[in-house]
Amino acid sequence: MEGLAHIIKTIGLVRERLNPQLKVEGVVLTMFDGRTSLAAQVRAEAQQHLGDQVMTTVIPRNIRLSEAPSHGKPIMLYDLRSAGSTAYLDLAREVISHG
């Protein structure tokens, strides 16, 4: 919830001080654990405040994503079939479909 408040504040500050024309393509929820009520609450709050700017795809909390940097590899090379890798591929498709 704190991160959501920070992103909303940061977007506002950038528009106010640096770029009034700033358009946000979307906000991605990362380290998402759909099993928790907190995750559902954060998603609902994000959608309430940011509407359709919240991407449908979420990046799950995933051990393979955490391990990849320590092996010096991006997730696509470290474990292409992991849940995290699949989620990033889904996100890429979603961003491309927005045109």
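This table checks each residue for (1) over 13 Å from the mean Cα position of the chain (by Cα); (2) modelled with pLDDT of 95 or more; (3) among the acidic types (Asp, Glu).
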residue	(1), (2), (3)
Val24	no, no, no
Val28	no, no, no
Glu45	yes, no, yes
Arg61	no, no, no
Arg64	yes, yes, no
Gly72	yes, yes, no
Leu77	yes, yes, no
Leu91	no, yes, no
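Pairing each residue of the stretch 54-82 that is closer than 24 Å to Ile96 by Cβ with any residue that is part of a loop (DSSP other than H, G, I, E, B) and among the hydrophobic types (A, V, I, L, M, F, W, C), provided the two are 6+ apart or on different chains, yields C-beta distances under 6 Å for Met55/Val28; Val58/Leu29. Among the residues of the stretch 46-87, the ones that are out of contact with any Phe, Trp or Tyr (no Cβ under 8 Å at 6 or more places or on another chain), farther than 17 Å from Leu4 by Cα and open to solvent by 90 Å² or more (accessible area, probe 1.4 Å) come to 7 in all.
The values are calculated or read from the model by the stated rules, or taken from the named source; none is laboratory data. What you see is a predicted model; the values in this text were computed from it and never measured. No Cβ is skipped: glycine too gets one built from the backbone with ideal geometry, and neighbour counts run over all protein chains shown. The accessibility values were calculated without ligands, DNA or RNA, using every heavy atom of the protein model including side chains. Shrake-Rupley method; radii C 1.70, N 1.55, O 1.52, S 1.80 Å.
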